[in-house]
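Down below is the structure, laid out as structure tokens.
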Amino acid sequence: MLAFLILLSSCRVINNNNYKGVSNKDKGQFIQQFSLDDIDSVVDYKNEFFVSEIEAKDIIEVCKLKKYTWVYFWAPWCPTSYPEYFTKIKKIEDEKRGQLKCIIIAISYDLKFIKDIISQSEYNKPVYVLKNKIYGSNMTKSQAKLGREIDPFMFFKKDKYATHYLFADTTLIFADYKITQRIVDSLMISKH
């Protein structure tokens, strides 16, 4: 079984503050705490919107649920963050039902961009952001801190943290800046 944790960030950081454009009212209304019980919830983003805060220990709990977990950093403001991409993620999850669990984790709390992109796609699972109380409001530092927690020895990238992490159970087996369905398929086959 494969859980697919998405944290996308391949774009240049324009404003390094996680809370760019988020009011206190928005924080209270649209940001929830992570719950393992909600991981398989179906969300209709055309009619409702929220994100949940997540941290490394939550990611490890998800890893325990499935045979594989794919972590992908997501930069919501990035022009490559098209709705079609998230529709493709949903289709991959549907195709690998029972093996693949997709979870999107944005590196910023840019709620407008998150909502706009997700609501235009077919993606219908919870969307996550890094827990501010643990990772802080600086996007670069928060991504680096999470990267150190899930790949403490930086086995896969020596210069900076990857945007994709693939786990078999709770063991990191792949980390890089790019991952394709072919890579995921080959890693899953090689582990059976």
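So which of Y45, Y68 is among the hydroxyl-bearing types (S, T, Y) and over 21 Å from L172 (Cα atoms)?
Y45 is the lone residue from the list that is among the hydroxyl-bearing types (S, T, Y) and over 21 Å from L172 (Cα atoms).
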*Name the residues in the stretch 116-146 that are under 12 Å from P76 (Cα atoms) and surrounded by fewer than 19 Cβ atoms within 10 Å (Cβ to Cβ), would you?*
D116
*What number of residues within the stretch 43-79 are within 12 Å of I105 (Cα to Cα) and of a type in the set (F, W, Y)?*
4
*Whichever residue in the stretch 90-110 is β-branched (V, I, T) and surrounded by 24 or more Cβ atoms within 10 Å (Cβ to Cβ) and, among such residues, is nearest to W77 (Cα to Cα)*: I107
_Subset of the stretch 116-134 that is farther than 17 Å from V42 by Cβ and basic (K, R) - its residue that is nearest to the chain's Cα centre (by Cα)_ = K131
*For K88, are the conditions met, namely being modelled with pLDDT of 80 or more, in contact with a helix residue (DSSP H, G or I) (Cβ under 6 Å, 6 or more places away or on another chain) and basic (K, R)?*
no
_Among the residues listed as F153, F86, the single one being out of contact with any strand residue (DSSP E or B) (no Cβ under 9 Å at 6 or more places or on another chain) and among the aromatic types (F, W, Y)_ = F153
*For the stretch 137-158, indicate whether the set of residues that are assigned to a loop (DSSP other than H, G, I, E, B), of a type in the set (D, E, K, R), farther than 30 Å from V22 by Cα and modelled with pLDDT under 75 is non-empty.*
yes
*Within the set of pairs 6 or more residues apart or between chains, which connect a residue that is buried (at least 22 other Cβ atoms within 10 Å of the Cβ) inside the stretch 56-72 to a residue that is of a type in the set (A, V, I, L, M) and in a loop (DSSP other than H, G, I, E, B) with Cβ atoms less than 6 Å apart?*
V71/L7; Y72/L7
*Between residues in the stretch 149-171 that are farther than 16 Å from E61 by Cα and residues that are β-branched (V, I, T) and modelled with pLDDT under 80, which pairs lie under 6 Å by C-beta distance while being six or more apart or on different chains?*
H164/I179
*Is it the case that K178 is surrounded by fewer than 17 Cβ atoms within 10 Å (Cβ to Cβ) and assigned to a helix (DSSP H, G or I)?*
no
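The values are calculated or read from the model by the stated rules, or taken from the named source; none is laboratory data. The structure presented is a predicted model; accordingly, all values stated were derived computationally and were not measured. Virtual Cβ from ideal backbone geometry, glycine too; neighbours counted across all protein chains shown.
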